[in-house]
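Peer 1: Okay, here's the structure, questions in a sec.
Each reported figure results from applying straightforward, stated rules to the coordinates on display, with no laboratory input. Every value quoted in this text rests on a predicted model; they were computed, and no experiment measured them. Note: ideal-geometry Cβ built from the backbone for every residue, glycine included; neighbour counts use all protein chains shown.
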RNA sequence: GGUUGCGUAGUUCAAUGGAUAGAAUAGGAGUUUCCUAAACUCUAGAUCUAGGUUCGAUUCCUAGCGCGACCA
């Protein structure tokens, strides 16, 4: 049991014994004691003052007295300051903790018998991965590791959006401008090659649509435009003549007209007919689609391997996009959905504060949510889990809310365990990434850059002369990825964040490499002095100076559980950085070699070793590896 | 327009309703006979505005301002 849980339970017993009232454990506020006060843990008394009709200080004193009398082995002293009860934990407890936990699995929790599925990454097959995907991947991987460490059986999954308009655009451009280009004959990574043709398509589309847009903006509707588009265009053109509109509104209208111009183009018509052919199973189209997707997958695999990402089950949208229709039919029968007169099918979510939501069009085709319902069911059939976590950007919060509600209405057993781990967009210091303006940061390029900077900074320091080329390559990879992952994971996922390229490759301060450095430093200590001999440490009074570090080490299990509960790796990053910092600070001033006596030396070695284990395990939860030397 | 998220040092991030709001970085001043100076020690600097709830509010509530997202 963690010491914090122990104290809370003890305090609960104390309340029962002293005041015949038993507060819930969660209502007892327990903090680490601030360094300027004496003690290890602090109970805040104010919450109980009113109910018990005593002053905070009187309560604290009575509680403290009871605790040292009834738990003398653990709680050995207390002081009361303005309603805060500061408790001192016995040195012997901490020493025993060091003895019991000095093993490589430090901090990991036993199995809780529950299963969780984590969906992350979920790329489109028309473009290479970019910075936003990296945040997604790192989050998904990390949360999976955190869940494992807190006792879950975890399965990682990925949903590949491999069909639809976007990939048809790349296919069409390749057919038109490709001249038989392949990844091999152009020496280009497959996902990048397909992405290049997507860009070529967009450029060609722009060239075709611009003159049309200019006419529309001038109030003219071209004669060869499709009728439905012409009607729509007229509506917006009329609005455009309204001079009282704000600049924002005018821009909105301009965007609408742009969309119309794009849709009116021959290129978009071809894309749509290509998608239709795909849906009808046209052999030539399918073959092209398979070939280009296979290029993309090969490219993705390379990137995934490099950034450390894998999946136990991969779902392809082309396999699953028809799922869900059956469930809609069943839902109509059971009254969850209703059919409107013109034939479309809806669900009424007004009782939950949302509106009515379409689940099947009047022509019987599905919408996104239909597929997602089907896939949710499929996932459960493949892996009956209690928790189903979706790592998806925060622009889909509404969509995910709807999905969960529908699953609940359909009485799916896992519905309550659906969590949307939403994360904010990654911005650049100059603003948001825009593909149209070419400011998107490519994942492969970024990884290259991180490793190069790691190399040049390391060489500057000149400490790696005895490394083999293979070791160096490995080290630069470890450091570069460590910096990148730590930088993206240290921020609360739900917040939008700024990615500053220069800051991300900084190796000082609150960074991955700082923690990696501390680990390497500890390994160096252990190489020099050997493993600690715990049996040699018998005097518990040696501990006080190093206690803050031991207290932090003991906290690791609590931090894991909290991070799992919040589905937020940033707590781990904060924790491991703080641990590394405390270690560095202490052992820069108090060297192990100069310890006053052998017992003290062994104690410091033991703390160093456990710190090493803990750093390694914590970093593993972030998907970051640590070098033995650097 | 409706729904929703976010506003904290110059900058990037913290703070289950708790003690004097923490870090990092940039700025200023120091520390290399000693296990890794990619380190350490000082120093200066912040809660968008107005109300409310509370013994106590960065946190909860209401309104406003600013930025974003989603929906039509």
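Peer 1: Could you tell me how far the Cα centroid of region A:43-93 sits from the Cα centroid of region A:319-360, in Å?
Peer 2: First find each Cα centre; the distance between them is then 57 Å.
Peer 1: If I model a spin label at residue A:108 and residue A:16 as a point 7 Å from the Cα along the Cα→Cβ vector, what separation in nanometres do I get?
Peer 2: For residue A:108 paired with residue A:16, the spin-label model returns 3.5 nm.
Peer 1: Shifting gears a bit: Scaled to the compact-protein estimate 2.2 N^0.38 Å, what is the alpha-carbon radius of gyration of chain A, rounded to two decimal places?
Peer 2: In units of the globular-protein estimate, chain A measures up at 1.19.
Peer 1: Taking 0.36 nm per residue of sequence separation and subtracting the Cα-Cα distance, how much length would be gained by fully extending the chain between residue A:272 and residue A:363, in nm to one decimal?
Peer 2: 31.1 nm
Peer 1: Enter the angle in degrees (range 0 to 90, nearest 10) between the Cα long axis of helix A:247-264 and the first principal axis of the Cα atoms of chain A, meaning the one along which they spread out most.
Peer 2: Its long axis makes an angle of about 60 degrees.
Peer 1: Between residue A:596 and residue A:382, what is 0.36 nm times their sequence separation minus the Cα-Cα distance? Round to one decimal in nm.
Peer 2: 71.0 nm
Peer 1: Let me ask something additional. Where does helix A:368-382 land angle-wise versus the long Cα axis of chain A, in degrees 0 to 90, nearest 10?
Peer 2: 50
Peer 1: Still on this structure, I have one more. If you take all C-alpha pairs in region A:514-629, what percent of them are over 25 Å apart?
Peer 2: Cα-Cα pairs in region A:514-629 separated by more than 25 Å: 22 percent.
Peer 1: Oh, and also: Classify region A:371-442 as rounded, prolate or oblate, taking a ≥ b ≥ c as the square roots of the eigenvalues of its Cα gyration tensor: rounded when a/c is under 1.5, otherwise prolate if a/b is larger than b/c and oblate if not.
Peer 2: prolate
Peer 1: Sort A:449-457, A:515-523 by the packing proxy (mean of other Cβ within 10 Å over each peptide's residues), most packed first.
Peer 2: A:515-523, A:449-457
Peer 1: In addition: What whole-number distance in Å separates the alpha-carbon centres of region A:113-129 and region A:573-630?
Peer 2: So the two Cα centres are separated by 34 Å.
Peer 1: For the Cα atoms of chain A, what angle does the longest principal axis make with the long axis of helix A:570-589, in degrees from 0 to 90, nearest 10?
Peer 2: Helix A:570-589 sits at roughly 40 degrees to that axis.
Peer 1: Report the convex hull volume per residue for region A:226-295, counting only C-alpha atoms, in Å³.
Peer 2: Normalising the Cα hull of region A:226-295 by residue number yields 107 Å³.
Peer 1: Here is a further query. By how many nm would the segment from residue A:589 to residue A:566 lengthen if fully extended, with 0.36 nm per residue of separation less the alpha-carbon distance?
Peer 2: Extra length from residue A:589 to residue A:566 when fully extended: 4.7 nm.
Peer 1: Please give, to one decimal in nm, the separation of the simple spin-label points placed at residue A:349 and residue A:494, each 7 Å out from Cα toward the Cβ.
Peer 2: Each label point is offset 7 Å from its Cα along the Cβ direction, giving 1.8 nm.
Peer 1: Quick check: pseudo-label points 7 Å beyond the Cα along Cα→Cβ at residue A:49 and residue A:25, how many nm apart are they?
Peer 2: Result: 2.8 nm between the two label points.
Peer 1: OK, next. Only residues of region A:400-417 count here: report those whose backbone N is under 13 Å from the spot 7 Å along Cα→Cβ of residue A:339, or say none.
Peer 2: Backbone N within reach: none found.
Peer 1: With just the Cα atoms defining each centre, how far is region A:256-318 from region A:478-496? Give it in Å.
Peer 2: Here the answer is 30 Å between Cα centres.
Peer 1: So how many Å³ per residue does the convex hull of the Cα atoms of region A:296-412 work out to?
Peer 2: 137
Peer 1: So, one more: Residues of region A:371-388 with amide nitrogen under 20 Å from the 7 Å Cα-to-Cβ point of residue A:395?
Peer 2: Inside the label zone: A:371-372.
Peer 1: Using helices alone, what [θ] at 222 nm do you get for chain A, with -39,500 (n - 2.57) per DSSP H run of 4 or more residues, divided over all residues and rounded to the nearest 500?
Peer 2: It lands at -18500 deg cm²/dmol.
Peer 1: Rounded to the nearest 0.05, what FRET efficiency do residue A:175 and residue A:231 have when you use their Cβ-Cβ distance and R0 = 41 Å?
Peer 2: Once the sixth-power term is evaluated, E becomes 0.80.
Peer 1: Tell me, what is the FRET efficiency for residue A:255 and residue A:432 to the nearest 0.05, using R0 = 25 angstrom and their Cβ-Cβ distance as r?
Peer 2: 0.95
Peer 1: Go from 0 up to the bin containing the longest alpha carbon distance in region A:1-157, width 5 Å each, and give me the % of pairs per bin.
Peer 2: Distribution as computed: 2, 8, 13, 15, 12, 10, 10, 10, 8, 6, 4, 2, 1, 0 percent.
Peer 1: Round to the nearest 0.05 the FRET efficiency obtained for residue A:558 and residue A:290 when R0 = 51 Å and r is the Cβ-Cβ distance.
Peer 2: 0.55
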